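Worksheet for the structure shown next.
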Amino acid sequence: MKKDLIFVLLIIILASGIMLFQKSLKSDLKGVEVFWEGKEILKITKPGTYAIYGGDNDYKLKVEFNGEKVRVIDADCPLKTCEYTGWVDNASQEIICLPNKVVVKPIGKEKNIGVDIISW
């Protein structure tokens, strides 16, 4: 019984430590840059929802920026992987939509989180 209690306390302490570590890695975003085919087409600095259009004025995706984090809420691509990325609140992470050739890059101080790639 005593060993079980110690084990549970260790798990709680470990989980709390991981959560604090992740919180310390977050950086304040100053905005978002949106690139299409490698060219910057939009710079977002105010909270809101923005529609992104390609060169032929065709709809690509919709980006939501709340002042602290960014996400893609609607995409024209078939798999919608960029939507599943969810909220991004670190400038070292990007949301990439390969079929639409769109990159959503948060602006802010990048912090090295020790992860080369995140895949879903």
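Bear in mind that the values in this text are calculations on the coordinates, not laboratory data. This structure is a prediction, so every number in the text was calculated from the model and none was measured. Don't worry about glycine lacking a Cβ; one is built from the backbone with ideal geometry, like all the others, and counts go over all protein chains shown.
What is the sum of charges, Lys and Arg at +1 and Asp and Glu at -1, for the other residues whose Cβ falls under 9 Å from the Cβ of GLY31? Write out the running numbers ahead of the final one.
Working: positive: LYS30, LYS43, LYS46; negative: GLU33.
So the environment of GLY31 carries a net charge of +2.
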| Any idea what the dipole of the chain comes to, in debye rounded to 20, about its Cα centre with Lys/Arg Cβ at +1 and Asp/Glu Cβ at -1? | 500 debye
| remark: Residues whose built amide H sits under 5 Å from the amide H of ILE107, excluding neighbours closer than 5 in sequence, are LYS30, GLY31, VAL32, GLU33
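Any idea what the relative contact order of the chain is, in percent, if you count C-alpha pairs under 8 Å spaced at least 6 apart?
Numbers: 212 pairs, mean separation 29.7, N = 120.
Result for the chain is 25 percent.
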| field | Cut-off 10 Å between beta-carbons: net charge of the residues surrounding ALA75, Lys and Arg +1, Asp and Glu -1 | value | 0
| task | Apply the Kirkwood formula to region 29-108: the hydrodynamic radius equals the inverse of the mean of 1/r over all pairs of different alpha-carbon atoms; give it in Å with one decimal. | result | 12.2 Å
| Using only helices, what value at 222 nm comes out for the chain when you add -39,500 (n - 2.57) per DSSP H run of length 4 or more and divide by the total residues, to the nearest 500 deg cm²/dmol? | -7500 deg cm²/dmol
| In the chain, which Cys residues have no partner Cys with a Cβ closer than 4.7 Å? | CYS77
| field | Among PHE65, ILE52, VAL104 - extreme Cα towards positive end, dipole of the chain, charges at beta-carbon | value | PHE65
| note | Lys and Arg at +1, Asp and Glu at -1: neighbours of TYR50 with Cβ under 13 Å from its Cβ sum to +2
